[in-house]
Amino acid sequence: MVINFAAGPAKLPEEVLRDVQKNLLDCNGSGISVMEMSHRSSNYAKIQETAIADLRALLNIPSNYKVLLMQGGGTGQFAAVAFNLIGRSGSADYVITGSWSSKAAKEAAQYGKVNAVLPKVSKYVEVPRQSTWQTDPKASYIYYCDNETVEGVEFDFVPVPPTGVPLVCDMSSNFLSRPIDVTKFGVIFAGAQKNIGPAGTTVIIVRDDLIGQHLKTTPSILNFELMDKNSSLLNTPPTFGIYVMGLVFQWIKRNGGIEGMAERSRAKSQLIYNIIDQSNGFYYCPVERNVRSRMNVPFRIGSATGNDALEKEFLAKAEAEGMIQLKGHRSVGGIRASLYNAITLPETQQLAKLMLAFYENNK
Ligand code: PMP
């Protein structure tokens, strides 16, 4: 048996994959696969509309927010957010707490002025409290990444923007893992390949008054207004991905909803962090405790900078036991265990067991 701790594309619930398999050649009695279905057909319309309705119910999305399904992943949204919003005043505030918010800021800087609200740091291991932020009350929006997938830094609060400044959030790697109050946000976006489904689909939740303020040069497929007017069917959408995403939403509904996911996430991540904290420094996580990610747990073995031989041995042992894709991101090294919604508690316990045994043998 294989347990996939990948950071994304990541594990999908087995039940969902079995459902996909069962219906692969004949989707909902149509006689054809969903991949062969016209995106303009009534059969497909039902799939997309149900997925969006289920997402709205799961997150309690108010009626003045639109749900858009787009392509281009999180990276596409780095550009889309700027194209659609930065023209409001010409500048935007970016809270840079890791690799992904840093990339987003660089992308946006091509289309307007970007103001970094935090001083530059050499390592991303914290989220400075909001009282220290240098925000601009005239910013078109204030942008942050709720969970930095590479460094394992997750916000423990929702920022409060200056009056009239919309809050834009990249939730690609912790979407649907804890309840959120959508009304606090102007835009939320999330690429699918971690908590939602296969790579290729991006979910955007946008407050309706923010639609229609795009730069004139905005490419049509990144344009929130055009996407909204066309019910996310401006061009051919990633139909298969949207179908699987809909099945994942139903799986979440059957498994306690967002609260259920939050409870699982808490239990799984605590199990691993407890082992790290009780290992007398054998395992080391550089991230400040209050912002340690529940989704991506990065750690070093042997010392704070990692012992190369021990880390290689740990990865080999894990692989021999079927636990794969535990290698840390190339920019930070070490180990990274990603514990997205589809990872079960027993699977996390397998990893915990290995960590404890490895500690006993090498401490
Ligand atoms: N934001 C976050 C938080 C991510 O983790 C990633 C991808 N790992 C991205 C954005 C970029 O997503 P994509 O590869 O879909 O462009």
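When the accessible area of the chain is computed with all protein chains present and a 1.4 Å probe, what percentage of it is carbon and sulfur?
Working: 8070 of 15640 Å².
Heavy-atom surface of the chain belonging to carbon and sulfur, 1.4 Å probe: 52 percent.
Using the Karplus curve 6.51 cos²θ - 1.76 cosθ + 1.60 with θ = phi - 60°, work out ³J(HN,Hα) for each residue of the range 279-286 in order, rounded to whole Hz, and write x for Gly and Pro.
Ordered by residue, 3J(HN,Hα) equals 9, 6, x, 4, 9, 9, 10, x Hz.
What whole-number value in Å² describes the accessible area per residue of the chain for a 1.4 Å probe?
Value for the chain: 43 Å² per residue.
Looking at the range 296-360, which GluC sites (Glu not before Pro) are DSSP coil and have at most 16 other C-beta atoms within 10 Å of their C-beta?
Within the range 296-360, the qualifying GluC sites (Glu not before Pro) (loop, at most 16 other Cβ atoms within 10 Å) are Glu321.
So if we plug the beta-carbon distance of Lys123 and Asn274 into 1/(1 + (r/R0)^6) with R0 = 25 Å, what FRET efficiency do we get, rounded to 0.05?
E(calc), rounded to 0.05, equals 0.60.
Between Thr163 and Asn60, what's the calculated FRET efficiency when r is the beta-carbon distance and R0 is 30 Å? Round to 0.05.
It comes to 0.80.
Rounded if a/c is under 1.5, else prolate if a/b is larger than b/c, else oblate: which is the range 59-206, with a ≥ b ≥ c the root eigenvalues of its Cα gyration tensor? Can you show the working numbers first?
Working: a/c = 1.33, a/b = 1.18, b/c = 1.13.
Cα axes put the range 59-206 in the rounded bin.
I want the local charge near Glu311. Using Cβ-Cβ distances under 9 Å, sum +1 for each Lys or Arg and -1 for each Asp or Glu among the other residues.
Result for the neighbourhood of Glu311: +1.
So which chymotrypsin sites (Phe, Trp or Tyr not before Pro) in the range 213-295 end up in coil per DSSP with only 12 or fewer other C-beta atoms within 10 Å?
none
In the range 229-248, which residues have a backbone nitrogen under 19 Å from the label point lying 7 Å from Arg40's Cα in the Cα-to-Cβ direction?
Inside the label zone: 229-240.
Using only alpha carbon pairs under 8 Å that are at least six residues apart, calculate the relative contact order of the range 318-363 and give it in whole percent. Don't skip to the answer; put the middle values down first.
Numbers: 20 pairs, mean separation 11.8, N = 46.
Relative contact order for the range 318-363 comes out at 26 percent.
Could you tell me whether the range 160-216 comes out rounded, prolate or oblate from its Cα gyration tensor? Rule is a ≥ b ≥ c as square roots of the eigenvalues, rounded for a/c under 1.5, then prolate if a/b exceeds b/c, otherwise oblate.
Values: a/c = 2.79, a/b = 1.44, b/c = 1.94.
It is oblate, given that a/c is not under 1.5 and a/b is not larger than b/c.
Explain nothing, just the number: relative contact order of the range 257-361, from Cα pairs under 8 Å at least 6 residues apart, as a whole percent.
After rounding, I find 31 percent.
Efficiency by 1/(1 + (r/R0)^6): what FRET value for Ser30 and Asn235, r their Cβ-Cβ distance, R0 = 22 Å, to the nearest 0.05?
E(calc), rounded to 0.05, equals 0.50.
Which of Gly29, Gly98, Gly256 ends up with the largest GNM mean-square fluctuation for the chain, with Cα atoms connected below 10 Å?
Per the Cα network of the chain with a 10 Å cutoff, Gly29 tops the list.
State the extension gain, in nm to one decimal, for the chain segment bounded by Thr183 and Leu345, taking 0.36 nm per residue of separation less the distance between their alpha-carbons.
Computed gain between Thr183 and Leu345 is 55.2 nm.
Working out 0.36 nm times the residue gap between Asp156 and Lys106, then minus their Cα-Cα distance, what length gain in nm do you get to one decimal?
Gain on extension, Asp156 to Lys106, equals 15.5 nm.
What fraction of the DSSP beta bridges in the chain is antiparallel, stated in percent and rounded to the nearest 5?
60
Quick one: net charge around Glu288, please, counting Lys, Arg +1 and Asp, Glu -1 for every other residue with C-beta under 14 Å from its C-beta.
-2
Could you pull out every residue, at least 5 positions away or on a different chain, whose amide H is within less than 5 Å of the one on Ala337? Hs are placed 1.01 Å off N in the peptide plane, and Pro or chain starts have none.
Val297, Phe299
In the range 1-49, which trypsin sites (Lys or Arg not before Pro) fall in coil by DSSP and have 16 or fewer other Cβ atoms within 10 Å?
Here the trypsin sites (Lys or Arg not before Pro) that fit, given the DSSP loop and packing criteria, are Arg40.
Which of the lysines could a cross-linker span from Lys327 if the Cα-Cα distance has to be under 25 Å and same-chain partners fewer than 8 positions apart are dropped?
Lys11, Lys103, Lys123, Lys194, Lys268, Lys312, Lys317, Lys353, Lys363
In terms of modelled amide H atoms, which long-range or inter-chain residues lie less than 5 Å from the amide H of Thr201?
Ala192
Whole-Å semi-axes of the range 286-352's equivalent ellipsoid, largest first, each the root of 5 times a Cα gyration tensor eigenvalue?
18, 17, 9
Tally Lys and Arg at +1 and Asp and Glu at -1 over the other residues with C-beta under 14 Å from the C-beta of Tyr243: what net charge comes out?
Charge balance near Tyr243 sits at -3.
Could you work out the relative contact order of the chain, using alpha carbon pairs under 8 angstrom and six or more residues apart, expressed as a whole percent?
Values: 689 pairs, mean separation 82.7, N = 363.
The value is 23 percent.
The values are calculated or read from the model by the stated rules, or taken from the named source; none is laboratory data. Keep in mind that this is a model prediction, so the values were computed, not measured. As a convention, Cβ positions derive from the backbone with ideal geometry for all residues, glycine included, and neighbour counts pool all protein chains shown. Heads up: the accessible areas ignore ligands, DNA and RNA and are worked out on the full protein's heavy atoms, side chains in. Shrake-Rupley method; radii C 1.70, N 1.55, O 1.52, S 1.80 Å.
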